[in-house]
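One structure is given here, and the rest of the page talks about it.
The values are calculated or read from the model by the stated rules, or taken from the named source; none is laboratory data. All values derive from a computational prediction rather than experimental measurement. Don't worry about glycine lacking a Cβ; one is built from the backbone with ideal geometry, like all the others, and counts go over all protein chains shown.
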Amino acid sequence: MRRIFAAVAVAVLVLLSSFPVFAVQPDEMLADPALEARAREIGKELRCLVCQNESIDESNAELARDLRLLVRERLKEGDSDRQVVDYVVSRYGDFVLLRPPVKPTTWALWFGPPLIFVLGLVALALYYRRRGRQPAPATTPLSAEEQQRLERMLEEPKP
């Protein structure tokens, strides 16, 4: 039974990992292999605005398809790779780039996560530092009555 489950799990993983291969449809592909290769490279640099974690080359979203077609159209018109990327960025902004440039408008994107991580580490260090400085809660000794009661409980046989 475990072997069947393992075989099914492997088959599902193989199928899931191959989905991005099917993103570019045959009707989108250019006849010229050199232009198609350039389109694929440009597609790997551009973010799918719907999926946000995939390139347009990997995404099955309709908007990604439109962007792939736009890239191929611009290449057929004779634009360089840089001109194609600049054209798409002019329409959608730096967000469409999977690796946006470091500039004031993208500083939060580049430096925000590391800054939040460092602030979290500082907060954690301060928490443990303050926690270590607090004196242990004062304990009062047991009264004579409480001491006798404890001794009786300890002497009782365990079930």
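For segment 106-113, does any single residue satisfy the condition of being under 30 Å from Glu58 (Cα atoms), touching a Pro at 6+ places or on another chain (Cβ under 6 Å) and of a type outside the set (S, T, N, Q)? Looking for residues that are under 30 Å from Glu58 (Cα atoms), touching a Pro at 6+ places or on another chain (Cβ under 6 Å) and of a type outside the set (S, T, N, Q), one finds none in segment 106-113, hence no.
Applying the set (1) in contact with a helix residue (DSSP H, G or I) (Cβ under 9 Å, 6 or more places away or on another chain); (2) modelled with pLDDT of 85 or more to Ile116 leaves exactly one unmet item: (1).
Residue-wise test of (1) touching a residue at least 24 places away in the same chain (Cβ under 8 Å); (2) assigned by TED's automatic domain parsing to the domain that holds Leu109; (3) in a helix (DSSP H, G or I).
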{"site": "Ala39", "(1), (2), (3)": "yes, no, yes"}
{"site": "Ile42", "(1), (2), (3)": "yes, no, yes"}
{"site": "Cys51", "(1), (2), (3)": "no, no, no"}
{"site": "Glu58", "(1), (2), (3)": "yes, no, no"}
{"site": "Arg65", "(1), (2), (3)": "yes, no, yes"}
{"site": "Leu70", "(1), (2), (3)": "no, no, yes"}
{"site": "Arg74", "(1), (2), (3)": "no, no, yes"}
{"site": "Arg82", "(1), (2), (3)": "no, no, yes"}
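Look at segment 110-137: where a residue is closer than 30 Å to Asp94 by Cβ and a partner is of a type outside the set (S, T, N, Q), sitting 6+ places away or on another chain with Cβ atoms under 6 Å, you get Trp110/Val102.
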